[in-house]
1. Of all residues in the range 56-82, which are within 24 Å of Ala28 (Cα to Cα) and modelled with pLDDT of 75 or more?
2. How many of the residues in the range 86-117 are surrounded by fewer than 18 Cβ atoms within 10 Å (Cβ to Cβ) and not in a helix (DSSP H, G or I)?
3. Looking for whichever is modelled with pLDDT of 85 or more and among the small types (Gly, Ala, Ser) here; the options are Ala116, Ala87. Which one fits?
4. Might you let me know whether the range 48-55 holds any residue that is at pLDDT below 85, of a type in the set (A, V, I, L, M) and out of contact with any Gly (no Cβ under 8 Å at 6 or more places or on another chain)?
5. Could we say that Ile124 is at pLDDT 70 or above and more than 14 Å from the chain's Cα centre (by Cα) here?
Amino acid sequence: MKGKAWTVEEERRLRELVKAGATVAKIAALLGKTEASVRSKIQRLKLKVEDDDGLKFNMSSSSNLDAEGELQSVEEALKLLNGALNALKTRGLNKTETLRLRIIIQGARIYMDLLADYINYKQIEEKLVDLKWWSGKIP
């Protein structure tokens, strides 16, 4: 069931609230819209918004991936996982948003597993370098 269409004034107010750092829940309450409706509009307008748990999400469909920089910590991955799990509790989520959140959850779980493997490999690598140094193989 579709709700009432967004007015130009509501879209303007939405942009202001997002820019001010308001959460989806707060925006929905202030505009008298459902959180699902607000999320959907934010996605269509390609805005960045802070989710209810304080995590920032880019709701645009950009496929521009940044492979530079440091890896996320397990804590950061857990926060993302927690945010997605909490967002799944929101009533009125459309199928696309539900699928997006489930993909985030699966991705966070896989990331944590791969990060643990990476840390183990780095430790093994360091031990091998130490062994080579002690055995005189490395000048």
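The values are calculated or read from the model by the stated rules, or taken from the named source; none is laboratory data. Note that the structure is predicted; figures quoted are calculated from it, not measured. Note: ideal-geometry Cβ built from the backbone for every residue, glycine included; neighbour counts use all protein chains shown.
1. The answer is Lys79, Leu80, Leu81, Asn82.
2. Matching residues across the range 86-117 total 4.
3. On the way: Ala116 fails: modelled with pLDDT of 85 or more.
Every option except Ala87 fails the conditions.
4. Filtering the range 48-55 down to residues at pLDDT below 85 leaves 48-55.
Then keep just the ones that are of a type in the set (A, V, I, L, M); that gives 49, 55.
Retained after the next criterion (residues that are out of contact with any Gly (no Cβ under 8 Å at 6 or more places or on another chain)): 49.
Within the range 48-55 (the criterion being at pLDDT below 85, of a type in the set (A, V, I, L, M) and out of contact with any Gly (no Cβ under 8 Å at 6 or more places or on another chain)), the answer is yes, since at least one residue qualifies.
5. yes
Each row is one residue, and each column tells you yes or no for (1) at pLDDT below 90; (2) in the same structural domain as Leu93 (by TED's automatic domain parsing); (3) closer than 14 Å to Glu97 by Cβ.
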{"position": "Arg13", "(1), (2), (3)": "no, no, no"}
{"position": "Thr23", "(1), (2), (3)": "yes, no, no"}
{"position": "Ala28", "(1), (2), (3)": "yes, no, yes"}
{"position": "Lys41", "(1), (2), (3)": "yes, no, yes"}
{"position": "Arg44", "(1), (2), (3)": "yes, no, yes"}
